[in-house]
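What follows draws every value from the coordinates through simple rules; no lab data is involved. Since this is a predicted model, take the numbers as computed values, not measurements. Using ideal geometry, Cβ is built from the backbone for each residue, glycine included, and neighbour counts are taken over all protein chains shown.
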Amino acid sequence: MNEAILLQDIRARLSDHRYEHSLQVAKTAVELADRYGGDREQMRLAGLMHDVLKEQPKDEALAFFAAHGVTLTPVERSAPKLWHAMAGAIYLKETYDFPDGIVTAVRYHTTGRENMTLGEKILFIADFISADRDYPGVDDMRERAKVSLEYAMEEGLRFTIYELSEKCRPIHPDTVACYNQIVLLRPKNSFLAK
């Protein structure tokens, strides 16, 4: 994969802030891949490209979905913040023929899903803890990521569900399924710290 072309693509599509975020997520994804045995190159590319369509206008995103035969569920239609992951996965497969490991990591980096792959977990957490992130609780998330991906995911999912429910927003079924699976597996895993 020609990195110069990929960087040119995201540079043209993203604001300075979002471009820098993408670089930081790529770096963090590589660090997590090294820690947990993931594919460094795939995680670097997934991190670089995960927000490629993040700043696409809503009308263009809807046209993109229509052109690709994607029917949004009522929950998805009500949550435009999820659209870039769904559209980005299609774009990366169609434009660059990225392998499925990258495509699914990008697809589920916002919602998570049940039975996530290692690469999907890495990108999900890298997006939460990249060096440019500065929100209340980010340091705890970074510490959790040193214990296990699942331990960090538990907190990230809890945060997402809480934030959405506080705003009376629908929660994507994939997020609920992912959270339930992580919590149900908790007694069997070493990330039980509470």
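Here are a few things to note about the model shown:
- Taking N as the residue count of the chain, its C-alpha radius of gyration divided by 2.2 N^0.38 Å amounts to 0.99.
- Unit charges on C-beta of K, R, D, E only; dipole of segment 3-134, Debye: 240 debye
- ASP97/ALA66 FRET efficiency (R0 25 Å; Cβ-Cβ; nearest 0.05): 0.65
- Dividing the helix sum by the residues of the chain, where each DSSP H run of 4 or more adds -39500 (n - 2.57), gives a mean residue ellipticity at 222 nm of -21000 deg cm²/dmol.
- Spin-label pair TYR162-VAL176: with each label point 7 Å from Cα along the Cα-Cβ axis, the two points sit 2.0 nm from one another.
- Neighbour-count ranking [beta-carbon atoms within 10 angstrom, fewest first] of GLU154, GLU76: GLU76, GLU154
- When each of LYS93/LYS146; LYS54/LYS167; LYS27/LYS167; LYS27/LYS81 is checked by Cα-Cα distance, pairs over 27 Å: LYS93/LYS146; LYS27/LYS167
- Cα→Cβ-extended label distance, 7 Å offset, between ARG169 and LYS81, nm: 0.3 nm
- GLU55-ARG186 FRET efficiency (beta carbon distance; Förster radius 35 Å; 0.05 resolution): 0.45
- Dipole magnitude (debye, nearest 20) for segment 39-86, charges at Cβ of Lys, Arg, Asp, Glu: 120 debye
- Calculated FRET value between ASN2 and ARG35, using beta carbons and R₀ = 25 Å, to 0.05: 0.35
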